[in-house]
Every structure is written in C-alpha cells, then in structure tokens.
Amino acid sequence: MSHTILGISAYYHDSAACIVRNGEIVAAAQEERFTRKKHDQNFPSHAIQYCIKEARCSVADLDAVVFYDKPFLKFNRLLETYLTFAPKGFRSFMISMPIWLKEKLWLSDIISEELHYDGKVLFTEHHESHAASAFFPSPYERAAIVTIDGVGEYATSSIAAGNGNTLKILSEQHFPHSLGLLYSAFTYFTGFKVNSGEYKVMGLAPYGEPRFVRTIFDHLIDLREDGSFTMNMEYFNYAVGLTMTNNRMSSLFGGPPRKPEAMLTQREMDLAASIQAVTEEVIMRIVRQAKKITGERNLCLAGGVALNCVANGKIYRSGIFDSLWIQPAAGDAGGALGAALTVYYHYFKQKRTTTVTDRQRGSYLGTQYSDTEIEQFLKIKNIRYVPFNNTPELCEKVAELLTQEKVVGWFQGRMEFGPRALGNRSILGDARSSEMQKKMNLKIKFRESFRPFAPAVLSEYASEWFDLACESPYMLLVADVVKNKQRMMTEGERQLWGIEKLNIVRSSIPAVTHIDYSARIQTVHRETNPLFHQLLVNFYEKTGCPVIVNTSFNVRGEPIVESPDDAYKCFMRTGMDFLVMGKYLLAKQDQPVFADDGNWRKVYALD
Ligand SMILES: [Fe+2]
C-alpha cells in the first residue's frame, strides 16, 4: 500500500512543506522562496502547492497531513509562563493572543479549509519532528540523536535514540532554560537580528577574546555535568517581555546592547567569542551525555543550534561518536520533513531501510526549471544569451570565467531545501583571489562583512585542502585550511585590531579562509550533483585548485532566488558579471537596460 504524507511547519519561523511518499522525500521547500519574504512564517500555501505538483498528486490522494508541533501544548506553556511571571509580561501576552485565538489553536480547521482537505490532520511534537528529520534520512540503522533549538512546546533540547523505524526521546531540557534562546539573547545584545543574526555572532567570535566566559557561568547559567542547566532569568526578558535581555544584563557587560546600526567594538567581539565558547561547552556535555545514555556509535543532529557549524566541527573532531549526520534544514523548516517521516514510520508503521548514502538527496528537493522554460522566459523578456549545446562545453567556459575573477550566478536543477545554497542557486567566484571576498561582499551582497565566504571543494581532494577526513555535503562543518596552504600572519599584521585583520591574505584560498584559518566546507560529490562536480573538475584542471567560492544566490535580506525571474533580477541589480541558467550563459555587458524602480532596496533593507 502506498502512503503519501504532507508535512507542514508554520507560524514561528521559516514555514515549509514537504511530501514523503513511501519513505522517499519527494519534495520539500520553504515558503519564503515563493513569497520573497525572508523567513516567512505564514501558512505555507505556495510551498504546499509546489510539493503537491511535484508529487503529481492531488490533495485527495494524501493519506495524512501532519503539522510539526502541538499548538495546544505550546499555548499551555504560554499561559503557564504568563501566570508564573504575572503581572509582568502582560503586554507581550496581549500581543501574542490574537494570532493564537484566530489561527494557531484552530490549525486543523485551517489546514482543512486552506487545502480543501477532509482527511486526517496529525500533530507531532516539535523536538520529535527535529529528531525525526535528523535520524530517518540519515544513513544509520541506529544512532543517538541530539536536538537543540530556542523552544518548541516545552522542550528546548532533547536526547533521543533511533533504531530502525523507531525513535524514542530519552531526556529533555525545558523552557525557559534554552541554549538557543541564550545564544539569541547574545545575538540581540551584540546588535544583530534574533533568529537570523546568530550566524554573524558565530562569524564574529574568532575576532574576540572569550573574556566573559567566567561571567556567563557565574551569573547567567548554572551548567551541570550532564549538559542540563538552569538559566538565571533575572537577566533575561524573553519569557515576559518584547526584548531578549534587560538592564541587569547591561550592567553585567558594561553598557546597553549595541544598536544595530552602531559600530562593532571589541566588546561585541569578546561577547561573541564568549557565548560561542559557552555554547560549545554546553553542546559537548550534551553530546557526551547522549553517548553515555545511548551507547551508540553514530550521532544525528537537528534544531536551529545544529546550524552552528563551528560547534559541529568540534563534535566531529572530539571523536565521541564515530560518525555524524546533520539535517541540512536543521531549523524549523526541517520540522515539516521530520513530521512527515514520523507519520510514515510511527503512525503507518512502515519498514525503514538504510543505504550507504543518506536519503536527503543532496537536499536538492525543491523547484526546478527545464531549459525550455528558461529559454521561454529569456525570449519573453528580450534577454540576450548564448546557448551551449552540451554541459562539458558550458562547464569549460564557466571555469574559464571564474579563473578570470568573474563572479558568476549559477542557477541549475532543483532548489536546495534548508538555509544553504549547495550549487544549484549559488553565486560562484575564484577562491584564490585576494580581492574576491571584498568584491562579492560590496558589489554583489551589498554588505560589509567580517564573515568569509564558504568553499565548495571536490570531495576527492577535500582532505588535501582542509583538515577534514569526512564528508560535509551540506556545508555544516567547519575545519581548518591545512597547514601547507596557510600563510602565517606577520608580526605587524598580528597587531592589527579586530576587523582590520579582515583583508589579510591568510592562505592560498583567501576568499574562503576565516581569520582563525577555518572554513565552512561543502564537499561536492558526483553522485548528488554531477553538473556542479563537473564545473569544479574543469576549474581544478585549469588551476590545480579544487576549491571555489560558493555563496547563496541572493542579496542581503532577500530569500535565495527560486525562479529564473528572481535570478535575472538579482543578476541585474548587482555587480555579478555572468549568469548561467540551465544551458544558457548571460553576460552583463550584453544585457538591455534594466528598468527597476529601486523599491527592492527598501524591501531588503539595503538603504
Ligand atoms: Fe525548532
């Protein structure tokens, strides 16, 4: 008997939908890509529509629809929190009430109405969804599973054990004690946006000294050996207020939070270094505890905190587990996938078989456009292009352009599921170029960034360039550039202050080497992405370097491009030199004048 299941996540952050059929992930996509509203949290109508189309079925063919968390439990937690701290928090309580009373509590009605669906609507628990998204697609028959995020219903982290088609939660940490929210509190305090700026804090950390670690452990969190902890809520405002931290926190760290537009100072860098160190310590204890209570050899990770690839690199190098698999859509988007897989294995009690590779299919699970569709678009818009008859010639040409330090938009195949572009909706550049980081940041992404770009490397040569002995297909592990490719800083360069160090050439692939010689690596595999692999082979043959810059195809504040129209607009609005869509090559210099009202700059907050 066939089972087709629609998984949905929505109403918190990064709404998404996915369809699982007979255990295979047929389609998965985030709503933001269609609505062009970053981290869109609304009901994912567009993503659902796409998934159903991709699965070539209709709503009537769905055997179940499942939502990734339990709204009534979440509502209980909200009420309990309010009653515990009342009358504090009345304002935030009143702000959140209308959406709960109007939408969240009546979710099964909304799902039925929106989809015209009269079948089963099921609910899984939030951390169960994360854990399932980490274990079921993994290549492991058995594994320990760790999930860490801000908060679901009550849980903020969990340890689980997976075996075949079953998954059992063994322990949980509960709200308000949350590693995700602690990290977000520091994201807020250092002047970045909560729920998206966490990456920046991680990137800023190597510029600072972790001089506040003691203060954090003495005042903010009481950490136990098993990785569980109690937070001192006198310093935090998130349970009751509209901000993350309060005045006591400001006194502890010598002043108020940095205003988003204000200059970064040494204090923010030191705070970033400190919270990163504390986070790694907590994670390592949780991971050790997971090993202790499960005795398993493999570890699966998910939840927003699993996107902290610096911490993931530490877990990998610690050797506590023999092997590590991380769900690429580790945040709440991936909850849709975990929920659908949970229903397939637990509710429908289906068998699970594992293969040597995982079942995530490179995370290329989203929309794609055929060459015919792309050509039609180009013709309608009067866009000038050069068609290539075969992919070897196309890859040869693009590799040559990259060696000339051209920046190339690369739009191919199915869109990635999860926050990273993995070579299908990517902007590419020469990693050897000392100018590339600056050029891509200022002319293409419109940001002045202290973060380096990420490298895509041929999997066959990854260990010759990076201190990494395993695969990292989803760009979720950080490791150092190998010693013989590093360039040591001179004494003068070492004396430079924080961000002044940004432009120092630190290796033979400077565009992707961070201040501490680390890099966030994507290993590229022929099996999952033959075209991108071919491009890298051509680049390697020309240069002896199997590494290129791979950054997501978007500007700051914009979701990654979904369609040829999105890609062309992004190409024309930025300093990108070439765009490749399918087998068509577009040169910026050949393009007609692009009529654009500039309003997009406001939408993406670029001005
Ligand atoms: Fe979550």
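Kindly indicate whether Gly334 is within 16 Å of Pro419 (Cα to Cα), within 16 Å of the ligand (Cβ to nearest atom) and in contact (Cβ under 8 Å) with a residue 12 or more places away in the chain.
Working: within 16 Å of Pro419 (Cα to Cα): yes; within 16 Å of the ligand (Cβ to nearest atom): yes; in contact (Cβ under 8 Å) with a residue 12 or more places away in the chain: yes.
So Gly334 fits the description; yes.
A single entry from Lys397, Lys445 fulfils the requirement of being farther than 17 Å from His533 by Cβ and of a type in the set (Lys, Arg): Lys445.
Which ones in region 105-127 are outside any loop (DSSP other than H, G, I, E, B), within 16 Å of the ligand (Cβ to nearest atom) and farther than 25 Å from Pro473 by Cβ?
Phe123, His126
Among the residues making up region 278-313, those that are outside any helix (DSSP H, G or I), surrounded by fewer than 24 Cβ atoms within 10 Å (Cβ to Cβ) and either modelled with pLDDT under 95 or not polar (S, T, N, Q) (or both) are Gly295, Glu296, Arg297.
No other residue among Glu198, Glu261, Glu225 is charged (D, E, K, R) and crowded, with 21+ Cβ neighbours inside 10 Å apart from Glu198. From the list Ala605, Ala587, Ala567, Ala595, the one residue that fits, being out of contact with any His (no Cβ under 6 Å at 6 or more places or on another chain) and surrounded by 20 or more Cβ atoms within 10 Å (Cβ to Cβ), is Ala567. Kindly check whether there is at least one residue in region 128-139 that is near the ligand (Cβ under 10 Å from one of its atoms), surrounded by 24 or more Cβ atoms within 10 Å (Cβ to Cβ) and modelled with pLDDT under 95. So far as region 128-139 goes, no, none of its residues is near the ligand (Cβ under 10 Å from one of its atoms), surrounded by 24 or more Cβ atoms within 10 Å (Cβ to Cβ) and modelled with pLDDT under 95.
Checked against (1) surrounded by 14 or more Cβ atoms within 10 Å (Cβ to Cβ); (2) modelled with pLDDT of 95 or more, Glu393 meets all criteria but (1). In region 43-65, is there at least one residue being under 21 Å from the mean Cα position of the chain (by Cα) and surrounded by fewer than 20 Cβ atoms within 10 Å (Cβ to Cβ)? The answer is no, given that none of the residues of region 43-65 is under 21 Å from the mean Cα position of the chain (by Cα) and surrounded by fewer than 20 Cβ atoms within 10 Å (Cβ to Cβ). Going by the structure shown, is Ser158 away from the ligand (no atom under 12 Å from the Cβ) and surrounded by 23 or more Cβ atoms within 10 Å (Cβ to Cβ)? Answer is no for this residue.
Residues that are away from the ligand (no atom under 16 Å from the Cβ), modelled with pLDDT of 95 or more and hydrophobic (A, V, I, L, M, F, W, C) were ranked within region 1-16; the one that is nearest to Ala330 (Cα to Cα) is Leu6.
Just wondering, is there one or more residues in region 61-77 that are closer than 16 Å to Gly338 by Cα, within 16 Å of the ligand (Cβ to nearest atom), assigned to a helix (DSSP H, G or I) and modelled with pLDDT of 90 or more? If you could, list the steps in order and put the result at the bottom.
So in region 61-77, the residues closer than 16 Å to Gly338 by Cα come out as 64-70.
Then keep just the ones that are within 16 Å of the ligand (Cβ to nearest atom); that gives 66-70.
Adding the requirement that they be assigned to a helix (DSSP H, G or I) leaves none.
Looking for residues that are closer than 16 Å to Gly338 by Cα, within 16 Å of the ligand (Cβ to nearest atom), assigned to a helix (DSSP H, G or I) and modelled with pLDDT of 90 or more, one finds none in region 61-77, hence no.
Residues being of a type in the set (Gly, Ala, Ser), away from the ligand (no atom under 16 Å from the Cβ) and either over 18 Å from the mean Cα position of the chain (by Cα) or part of a strand (DSSP E or B) (or both) are represented in region 363-371 by at least one member.
With the structure loaded, tell me whether Ser178 is within 16 Å of the ligand (Cβ to nearest atom) and in contact with a helix residue (DSSP H, G or I) (Cβ under 6 Å, 6 or more places away or on another chain) or whether it fails that test. I'd like the intermediate steps shown before the answer.
Values: within 16 Å of the ligand (Cβ to nearest atom): yes; in contact with a helix residue (DSSP H, G or I) (Cβ under 6 Å, 6 or more places away or on another chain): no.
No.
State whether one or more residues within region 283-290 are within 16 Å of the ligand (Cβ to nearest atom) and touching a residue at least 12 places away in the same chain (Cβ under 8 Å). Working first, answer last.
From region 283-290, those within 16 Å of the ligand (Cβ to nearest atom) are 283, 286; that's our starting set.
Filter once more, so that each one left must be touching a residue at least 12 places away in the same chain (Cβ under 8 Å): 283, 286.
Within region 283-290 (the criterion being within 16 Å of the ligand (Cβ to nearest atom) and touching a residue at least 12 places away in the same chain (Cβ under 8 Å)), the answer is yes, since at least one residue qualifies.
Could you please give the count of residues in region 202-218 that are among the charged types (D, E, K, R) and in contact (Cβ under 8 Å) with a residue 40 or more places away in the chain?
Within region 202-218, the subset among the charged types (D, E, K, R) is 209, 211, 214, 218.
Now restrict to residues that are in contact (Cβ under 8 Å) with a residue 40 or more places away in the chain: 209, 211.
Of the residues in region 202-218, 2 are among the charged types (D, E, K, R) and in contact (Cβ under 8 Å) with a residue 40 or more places away in the chain.
Return the residue satisfying two criteria in turn: it lies in region 352-390 and is touching a residue at least 40 places away in the same chain (Cβ under 8 Å) and of a type in the set (A, V, I, L, M), and of such residues it is surrounded by the fewest Cβ atoms within 10 Å (Cβ to Cβ). The extreme case among them is Val356.
Exactly one residue out of Val194, Val151, Val201 is more than 16 Å from the ligand (Cβ to nearest atom) and either of a type outside the set (Val, Ile, Thr) or under 23 Å from the mean Cα position of the chain (by Cα) (or both): that is Val201.
The values are calculated or read from the model by the stated rules, or taken from the named source; none is laboratory data. All of these numbers come straight from a predicted model, not from anything done at the bench. Every residue, glycine as well, gets a Cβ built from its backbone with ideal geometry; the counts of neighbours run over all protein chains shown.
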